[in-house]
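Data block below; observations after.
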Amino acid sequence: KAGVTQTPRYLIKTRGQQVTLSCSPISGHRSVSWYQQTPGQGLQFLFEYFSETQRNKGNFPGRFSGRQFSNSRSEMNVSTLELGDSALYLCASWTAPGEQYFGPGTRLTVT
Amino acid sequence: QKEVEQNSGPLSVPEGAIASLNCTYSDRGSQSFFWYRQYSGKSPELIMFIYSNGDKEDGRFTAQLNKASQYVSLLIRDSQPSDSATYLCAVITSGNTPLVFGKGTRLSVIA
């Protein structure tokens, strides 16, 4: 069974731009979670989707948004990028809440 | 605020020794506990989960949970250099709340 895929793997943007990241979950998984990982803050929860509905949202500003499609694929969008948004963005899919399968991540650099 | 605390390390152990990784959590109502391993430059992968007080063994790994002390640990027996990684403790506090991660402990197994 194919794992979680994320595109793109690497991205360089400038301040003020916006970015869209994509995640395709493991086949049959209807739940997707997004995380931001930085050296200082570790893994921080962004959002969680199940069957196109956002079930939980982390403590991030409104510039961070996401959605899930009917085929369970998910996207997250960050508008008006700031230098502090530079991070590894990880997507995970799952059937049991704690047993998550992570994708390889998208490394975002904001200059 | 629900927190999961880990010593950042690095924890250095000689090859063949037992590595002991510890984690404390603040929410007494926490229900489920997970250990993820993250190699440098890779995404986290689930290695153990535990729901009940006591020990749970899987190969060289043993997870220990003490809910009264709000403490969960991971023991790695016969540590190998390939075990060198960052180990992330994660907790589901209650209901449909998302997974909360600690910042991880970096383990270094010296050959």
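The values are calculated or read from the model by the stated rules, or taken from the named source; none is laboratory data. Keep in mind that this is a model prediction, so the values were computed, not measured. All Cβ positions, glycine included, derive from the backbone under ideal geometry; neighbour counts span all protein chains shown.
Listing for the model above:
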read-out: Search result, residues across the stretch A:12-28 that are in a strand (DSSP E or B), over 13 Å from the mean Cα position of the chain (by Cα) and crowded, with 16+ Cβ neighbours inside 10 Å; value: A:Lys13
read-out: Failed item, numbered, when A:Phe45 is tested on (1) within 18 Å of B:Leu46 (Cβ to Cβ); (2) touching a residue at least 40 places away in the same chain (Cβ under 8 Å); value: (2)
read-out: Positions within the stretch A:31-42 being modelled with pLDDT under 95 and either buried (at least 22 other Cβ atoms within 10 Å of the Cβ) or in a loop (DSSP other than H, G, I, E, B) (or both), in sequence order; value: A:Pro39, A:Gly40, A:Gln41
read-out: Selected residue (only one of B:Glu45, B:Glu57 is among the acidic types (Asp, Glu) and within 30 Å of A:Phe50 (Cα to Cα)); value: B:Glu45
read-out: Of the criteria (1) under 30 Å from A:Leu108 (Cα atoms); (2) within 11 Å of chain A (Cβ to nearest Cβ), which one B:Tyr87 fails; value: (2)
read-out: Selection from the stretch B:17-73 of residues that are among the hydrophobic types (A, V, I, L, M, F, W, C), in contact with an Asp or Glu (Cβ under 9 Å, 6 or more places away or on another chain) and either more than 14 Å from chain A (Cβ to nearest Cβ) or free of Cβ contacts under 8 Å to residues at least 12 places away in the same chain (or both); value: B:Ala17, B:Ile18, B:Ala19
read-out: Within the stretch A:50-97, strands (runs of 3 or more DSSP E) holding 1 or more residues that are within 14 Å of another protein chain (Cβ to nearest Cβ) and surrounded by 12 or more Cβ atoms within 10 Å (Cβ to Cβ); value: A:53-57, A:64-68, A:87-94
read-out: Tally, over the stretch B:90-111, of residues that are within 14 Å of chain A (Cβ to nearest Cβ), touching a Gly at 6+ places or on another chain (Cβ under 9 Å), in contact (Cβ under 8 Å) with a residue 24 or more places away in the chain and surrounded by 16 or more Cβ atoms within 10 Å (Cβ to Cβ); value: 11
read-out: Strands (runs of 3 or more DSSP E) enclosed by chain B - at least 1 residues per element that are among the hydrophobic types (A, V, I, L, M, F, W, C); value: B:11-14, B:19-25, B:32-38, B:45-50, B:61-66, B:71-76, B:85-92, B:105-110
read-out: Condition met for A:Ser31 (more than 10 Å from the chain's Cα centre (by Cα), within 17 Å of A:Glu99 (Cα to Cα) and among the small types (Gly, Ala, Ser)); value: yes
read-out: So A:Phe45, is it over 17 Å from B:Ala90 (Cβ atoms), within 14 Å of chain B (Cβ to nearest Cβ) and aromatic (Phe, Trp, Tyr); value: no
read-out: Index of the failed condition, A:Phe45 passing every other in (1) surrounded by 13 or more Cβ atoms within 10 Å (Cβ to Cβ); (2) farther than 19 Å from A:Gln100 by Cβ; (3) not aliphatic (A, V, I, L, M); value: (2)
